[in-house]
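Just so it is clear, none of the values below were taken in a lab; they were calculated from the coordinates. Being a predicted model, the structure only gives us computed values, none of them experimental. With ideal geometry, Cβ positions are generated from the backbone for all residues, glycine too; neighbour counts draw on all protein chains shown.
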Ligand code: ARG
């Protein structure tokens, strides 16, 4: 009998997918739920729900530390913000989920993997291109897309089969969340003039509420967060703690219209307090420690890196090569950044590093100046020489 490994979230669509795949594809379904730090989810309850929906096996993989170290940290080091804003929350988790699906397929002798994505989003591409990269001979079935489900059909099917899914309080939104942040779409948000309401948010408090600001010192070693306020943390611990502290100050909310890979513009609400605070801190430490030309070039690389990851190309040759470049830039990114968290913003208020390229003597306008200003005269003369020559020519020919 065909065996299918299903990426299981515990929600309506993937729960309905279990009996549906069993009948339609005549398959045994193995449910795999990957814990990437989605807040508030009871993973053991999810595991049992898959079994009551008819899965022959159901497993939960705790991938939180792995997600932090191998997916969030590279995104942090790239300052990966799609369209200059979105920190790639969902895009980062898909390749990791696929790694675990592929491992489960090998362990259980499955030849097919399945996911709950529709045909309108980015996640189908991220899942399937990652499968193609890691296990090119596995085939993929996506019931919500390939059998043209609607939400109503899924609800009707769940009711008909008596699946243990409470559809009465099923959310009108499509949500995805993990350690790096949370995404909310659909429902009344599809009218792009509608303002988001406070009830959409789970990781962040209202940024406009009156409260005292919080101050945190983030220490990095070679671009990896290693301590908060002097206490050693793992990458997972750093992100978790900053989600809490920056989230309490309303940091990291986003409301944007986004260009999807499939060509659709969509309205998305995000909250990513830890990610936004960490990127602000890391970027400032690079400003202090990374040489100018390298920093300029890295900005281009980071942008391209983010686009590749957004577009589902985590496991691709170009992404692999850019990873090596970014890793090389992190050699001197060691030091501490002080952040003030308040009013929805993470603001850098101090920086220090033994690897600093900031030279007080060169920078100061007070006594103790070591910068030889007489050198600047000739430098500027030569710097402007091509422009002057061209300007004279243009005046002549005008
Ligand atoms: N638009 C975002 C992205 O493509 C978020 C997708 C969230 N997924 C979901 N099923 N709601 O990365």
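Taking 0.36 nm per residue of separation and subtracting the current Cα-Cα distance, fully stretching the chain between residue 370 and residue 70 would add 103.7 nm.
Approximating the spin labels as points 7 Å out from Cα along Cα→Cβ, the residue 146-to-residue 349 distance works out to 5.5 nm. Cβ-Cβ distance of residue 202 and residue 108, R₀ of 35 Å, FRET efficiency by 1/(1 + (r/R0)^6): the value works out to about 0.55. Distance between the pseudo-spin-label points of residue 221 and residue 25 (7 Å out from Cα toward the beta carbon): 4.4 nm. Fewest neighbouring Cβ atoms within 10 Å first, the residues 253, 396, 338, 24 line up as 396, 24, 338, 253. Each part reduced to its alpha carbon centroid, the range 272-291 and the range 30-65 end up 33 Å apart.
Computed from Cα atoms, the angle from the helix 235-247 axis to the main principal axis of the chain rounds to 80 degrees.
The residues 9, 139, when put in order of fewest to most other Cβ atoms within 10 Å, stand as 139, 9. A Förster radius of 41 Å, combined with the Cβ-Cβ distance separating residue 229 from residue 297, puts the computed FRET efficiency at roughly 0.80.
Per-residue Cβ neighbour counts within 10 Å put 168, 340 in the sequence 168, 340, beginning with the fewest.
For the pair residue 324 and residue 209, the difference between a 0.36 nm per residue extended length and the Cα-Cα distance amounts to 37.1 nm.
Where does helix 385-397 land angle-wise versus the long Cα axis of the chain, in degrees 0 to 90, nearest 10? It is inclined by approximately 90 degrees. Relative to the longest principal axis of the Cα atoms of the chain, helix 43-52 runs at roughly 30 degrees. Counted residue by residue at 0.36 nm each, then reduced by the alpha carbon distance between them, the extension gain from residue 168 to residue 42 reaches 43.4 nm.
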